[in-house]
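Trainee: After the structure tokens below, expect a handful of questions from me.
Values quoted throughout were computed directly from the atomic coordinates according to the rules given, and no laboratory measurement underlies them. Just so we're clear, the structure is a prediction, and the values are computed from it rather than from any experiment. Using ideal geometry, Cβ is built from the backbone for each residue, glycine included, and neighbour counts are taken over all protein chains shown.
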Amino acid sequence: MKTYLIRYECIEDQKHGMGKVKANSWGMAVDKAEIIINNIQNHFENNKTFKLIEAVPIDAITDWED
């Protein structure tokens with residue numbers, strides 16, 4: 001099981017949020033991310049719309065040094 005970094009955006013104000021999910025595949029990570037985003041969207045009473053921007057395996061992210 002891998003940990004995936006997810007990034008999402010609020011359509012109305014272009015604010016971004018991040019989180020992480022654990023999944024066996026990228027497709028499962030996207031499915032879990034969509035559930036999380038729907039829960040966040042349902043939390044707001046003013047009906048803001050959120051969309052998934054990306055889901056990236058955390059082990060694929062590296063620090064780049066100059």
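Trainee: Pairs, please: C-beta under 6 Å, at least 6 apart or cross-chain, first residue more than 22 Å from ASP59 (Cβ to Cβ) and in region 9-25, second in a loop (DSSP other than H, G, I, E, B) and charged (D, E, K, R)?
Mentor: Once the first residue is more than 22 Å from ASP59 (Cβ to Cβ) and sits in region 9-25, its partners that are in a loop (DSSP other than H, G, I, E, B) and charged (D, E, K, R) give CYS10/LYS48; GLU12/LYS48.
Trainee: Residue by residue through region 1-12, note down the ones that are closer than 15 Å to ILE40 by Cα and of a type in the set (D, E, K, R). Can you show your working first?
Mentor: Keep residues of region 1-12 that are closer than 15 Å to ILE40 by Cα, which gives 6-12.
The answer is ARG7, GLU9, GLU12.
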